[in-house]
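*Asks:* Mind looking over this structure? Questions follow.
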Amino acid sequence: MSQIYGAKSSTLQTLTVLGSTGSIGKSTLEVVARHPDKIRIFALTGFSQVDLLFEQCLRFKPQYALLVDPDSANTLRTRLLPTGLDVEVLTGSQDLDLLASHDSVDTVMASIVGAAGLSSCLAAARAGKRLLLANKEALVVGGELFLSQVRAGGAKLLPIDSEHSAIFQSLPEDPSTWNDRIEKIILTASGGPFKARDPQTLHLVTPEEACRHPNWVMGQKISVDSATMMNKCLEVIEAHYLFGVDPSKIDVLIHPQSIIHSMVEYKDMSVVAQLGTPDMKVPIAYGLGWPERIESGANKLSFQNTPPMTFEDFESNRHRERFPGLLLAWEVLRSANGAPGVLNAANEIAVESFLSKKIKFTQIHEVNLRTLDKYLPRSAKSLDDLLALDLGARDVARQVVEELSSSK
Ligand code: NAD
Ligand code: MG
């Protein structure tokens, strides 16, 4: 059964962008700016980026702006005062839920990074919003509970991750037919900056090198995840929940040019793919416009000038050795009981620790493995259970980081 629910929507949408100051948030506003007749901004949120949120307020005139950090919110309030704009400035994480579930909101772009976005995603789901999901970690942590809230609220969950948008675009309209027809979901992966690097030298990778993705410009966390292929690991879990397919039916194929964004292989061996330039404005516009198509502002794909498309099996060319984290997706889905959330929490701590140079690039996987080993997953039946699981796993991961960094 599919996990994408809900009815079709009206023409003028009011939109809350959670994480408007991030990479996806900014691309979302670029698309929105092209459609003032179709989309009106209700609320914009960030963590502490006063200057950028101030500029976004001037341009999009939302009713609400939120910065999680209270001092930054105060500064924003003071700067907005002389402009005469009627923007109410909020602060703290709890009000994210309010802005995601407000009666005046039709659509929520979930583009906060990490499990920090879980609560607001669930709030939007329960309130029956059109929920555009970039924040894959929220679905990885929330799993079945997330889906049950989408169902209960009658929300419409649409993928923004380019691979999942591609799969959604390659599937028939009626989700009840998916499971019977799908042979495989083939998630493509660029392989990131280290796909040809000697695995024996990966321990020398610096944060700057890891954040330099060959095809996409993204936030730091997802850039590091792409370099370890933990991003693909999270995406396998995301695909399992979004499309309701067994993990054994999900394959990963390395495609360095990032032109085919993913594919569906059907029972009759027909393969349907979605192609385009690597630009997140395309899946964002698809989510905002669905079921219609609206302009994204992305460049046209020029087949004549596109480099030859190549594909590499994940099993070959020492990719398994380079990217050991990817296989954890199938492992945690097999053990379930909160294991995907534990892995996500460990990985968030590991990435943070790598970026602050506490651990080496290759130790990210060690932190993830050791945290999974040490932490006994348990079933989570509520948001509080999930948050407790997340906090507990973070504590364990921090201990592992300490052990690793003190034995350097
Ligand atoms: P980013 O780091 O550029 O932006 C993150 C946003 O979340 C910012 O607005 C930041 O202020 C906000 N934020 C950070 N911590 C927060 C907290 N604790 N509470 C509230 N807000 C907080 O990240 P991004 O690259 O835009 O990615 C956002 C999400 O979209 C991630 O889950 C990522 O995996 C997913 N995604 C990103 C891309 C991409 O191309 N960037 C592609 C596919 C999926
Ligand atoms: Mg992706």
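*Asks:* Any residue that is in contact with a Pro (Cβ under 8 Å, 6 or more places away or on another chain), modelled with pLDDT of 95 or more and not in a helix (DSSP H, G or I) - is there at least one of those in segment 79-90?
*Replies:* Checking segment 79-90: at least one residue is in contact with a Pro (Cβ under 8 Å, 6 or more places away or on another chain), modelled with pLDDT of 95 or more and not in a helix (DSSP H, G or I).
*Asks:* Taking ILE112, is it open to solvent by 10 Å² or more (accessible area, probe 1.4 Å) and either within 16 Å of the chain's Cα centre (by Cα) or within 16 Å of ligand 2 (Cβ to nearest atom) (or both)?
*Replies:* Judged against the criteria, ILE112 is a match.
*Asks:* Residues GLU331, GLU321: which one is over 19 Å from ALA397 (Cα atoms) and open to solvent by 10 Å² or more (accessible area, probe 1.4 Å)?
*Replies:* When all the criteria are applied, what remains is GLU321.
*Asks:* Considering only segment 265-284, how many residues are within 13 Å of ILE186 (Cβ to Cβ), assigned to a loop (DSSP other than H, G, I, E, B) and of a type in the set (A, V, I, L, M, F, W, C)?
*Replies:* 1
*Asks:* Could I ask something else about it? Only one of (1) outside any strand (DSSP E or B); (2) open to solvent by 30 Å² or more (accessible area, probe 1.4 Å); (3) farther than 30 Å from HIS203 by Cβ fails for GLY287. Which number is that?
*Replies:* For GLY287, the exception is condition (2).
*Asks:* Checking the conditions here, which among GLU55, GLU30 is more than 24 Å from PRO291 (Cβ to Cβ) and either open to solvent by 70 Å² or more (accessible area, probe 1.4 Å) or more than 13 Å from ligand 1 (Cβ to nearest atom) (or both)?
*Replies:* Matching residue, one of GLU55, GLU30: GLU55.
*Asks:* I would also like to ask the following. If you take the residues in segment 367-381 that are part of a helix (DSSP H, G or I) and over 23 Å from the mean Cα position of the chain (by Cα), which one is surrounded by the fewest Cβ atoms within 10 Å (Cβ to Cβ)?
*Replies:* The selected residue is ASP373.
*Asks:* Which of (1) touching a strand residue (DSSP E or B) at 6+ places or on another chain (Cβ under 9 Å); (2) open to solvent by less than 10 Å² (accessible area, probe 1.4 Å) is the odd one out, the single condition LEU122 does not satisfy?
*Replies:* (1)
*Asks:* Ok, one more. Cβ contacts < 6 Å: first residue within 14 Å of THR107 (Cα to Cα), restricted to segment 25-44; second residue assigned to a strand (DSSP E or B) and polar (S, T, N, Q), any location; separation 6+ or different chain. Result?
*Replies:* From residues that are within 14 Å of THR107 (Cα to Cα), the pairs are ILE39/GLN13; ARG40/THR14; PHE42/THR14; PHE42/THR16; ALA43/THR16.
*Asks:* Restricting the search to segment 222-257, which residues are within 13 Å of ligand 2 (Cβ to nearest atom), open to solvent by less than 10 Å² (accessible area, probe 1.4 Å) and within 15 Å of ASP161 (Cβ to Cβ)?
*Replies:* SER223, ASP225, MET229, MET230, CYS233, LEU234, GLU235, VAL236, ILE237, GLU238, ALA239, LEU242
*Asks:* Among the residues in segment 147-163, are any small (Gly, Ala, Ser), touching a helix residue (DSSP H, G or I) at 6+ places or on another chain (Cβ under 7 Å), open to solvent by less than 40 Å² (accessible area, probe 1.4 Å) and away from ligand 2 (no atom under 16 Å from the Cβ)?
*Replies:* yes
*Asks:* Now for a separate question. If I ask for residues that are among the β-branched types (Val, Ile, Thr), within 21 Å of HIS319 (Cα to Cα) and open to solvent by 20 Å² or more (accessible area, probe 1.4 Å), which ones from segment 175-197 would you list?
*Replies:* Correct list: ILE186 only.
*Asks:* Select from segment 33-51 the residues that are near ligand 1 (Cβ under 9 Å from one of its atoms) and among the small types (Gly, Ala, Ser) and list them in ascending order.
*Replies:* GLY46, SER48
*Asks:* With respect to THR107, determine if the residue is surrounded by 16 or more Cβ atoms within 10 Å (Cβ to Cβ) and away from ligand 2 (no atom under 16 Å from the Cβ).
*Replies:* So THR107 fits the description; yes.
*Asks:* Just for segment 5-53: of the residues that are at pLDDT below 95 and not polar (S, T, N, Q), which one is farthest from ligand 2 (Cβ to nearest atom)?
*Replies:* Top of the filtered list is LEU12.
*Asks:* Follow-up. Going by the conditions given, is LEU139 in contact with a helix residue (DSSP H, G or I) (Cβ under 7 Å, 6 or more places away or on another chain), in a strand (DSSP E or B) and either within 16 Å of ligand 2 (Cβ to nearest atom) or of a type in the set (A, V, I, L, M) (or both)?
*Replies:* Considered against the rule, which asks whether it is in contact with a helix residue (DSSP H, G or I) (Cβ under 7 Å, 6 or more places away or on another chain), in a strand (DSSP E or B) and either within 16 Å of ligand 2 (Cβ to nearest atom) or of a type in the set (A, V, I, L, M) (or both), LEU139 comes out as no.
The values are calculated or read from the model by the stated rules, or taken from the named source; none is laboratory data. None of the values given here were measured: they were computed from a predicted structure. Here Cβ is always computed from backbone atoms with ideal geometry, including for glycine, and neighbour counts include all displayed protein chains. Just so you know, the surface numbers come from the protein's heavy atoms only, side chains and all, with ligands and any DNA or RNA stripped out. Shrake-Rupley method; radii C 1.70, N 1.55, O 1.52, S 1.80 Å.
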